[in-house]
Amino acid sequence: MSAVWVRRPAGARARGPAVRVGAGVRHRLLPHTPPQIPGLGLASVYVPCFELGGDFFDFIPLADNNVGLAVADVSGKGVPASLTMASVRSFLRAQVDSNFGQGHGRH
């Protein structure tokens with residue numbers, strides 16, 4: 001296993017408890033490992049410019065071993081962008097559940 005160290009700009013440090021809590025929520029919402037798909041190698045890395053923002057990606061399990069991929073960049077930064085990202089993720093997964101059947105779009 002190898003590690004990648006990323007140096008953040010000085011302005012990228014957390015600015016308060018709300019930012020730290022938001023960063024923790026974001027960490028729990030983003031996928032930690034990509035899905036295993038035979039014949040396809042997937043990898044992901046997330047390196048935010050700021051402690052908290054609205055960048056987003058997700059792997060969404062679908063029926064018949066299909067996987068949806070979502071990538072988004074919410075305009076702005078900080079708590080408002082992070083809240084928007086969380087709302088978009090919830091809406092997207094709810095739509096997948098609604099349109100493709102119960103249980104899909106959840107991890």
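The values are calculated or read from the model by the stated rules, or taken from the named source; none is laboratory data. Please read all numbers here as calculations on a predicted model, not as lab measurements. FYI the Cβ positions are ideal-geometry reconstructions off the backbone, even for glycines, and counts take in every protein chain you see.
Among the residues of region 62-76, the one identified as polar (S, T, N, Q) and assigned to a strand (DSSP E or B) is SER75. Annotation for region 77-96: at least one member residue is in a strand (DSSP E or B), surrounded by 14 or more Cβ atoms within 10 Å (Cβ to Cβ) and modelled with pLDDT under 85. Pairs are defined by a Cβ separation below 7 Å, a sequence spacing of at least 6 or placement on different chains, a first member in region 34-49 that is exposed (fewer than 10 other Cβ atoms within 10 Å of the Cβ), and a second member that is assigned to a loop (DSSP other than H, G, I, E, B); the pairs so defined are ALA43/PRO34; VAL47/VAL6. Among the residues of region 21-40, are any under 20 Å from the mean Cα position of the chain (by Cα), hydrophobic (A, V, I, L, M, F, W, C), modelled with pLDDT under 70 and over 12 Å from SER82 (Cα atoms)? The answer is no; no qualifying residue exists.
Pairs meeting the criteria (first residue in region 70-90 and under 12 Å from VAL25 (Cα atoms) and without any contact (Cβ under 8 Å) to a residue 60 or more places away in the chain, second residue of a type in the set (Val, Ile, Thr) and assigned to a strand (DSSP E or B), beta carbons under 6 Å, at least 6 apart or on different chains) are MET85/VAL74. Can you name the number of the only condition in (1) under 13 Å from the mean Cα position of the chain (by Cα); (2) buried (at least 16 other Cβ atoms within 10 Å of the Cβ); (3) modelled with pLDDT under 85 that ASP73 fails? All conditions are met except number (2).
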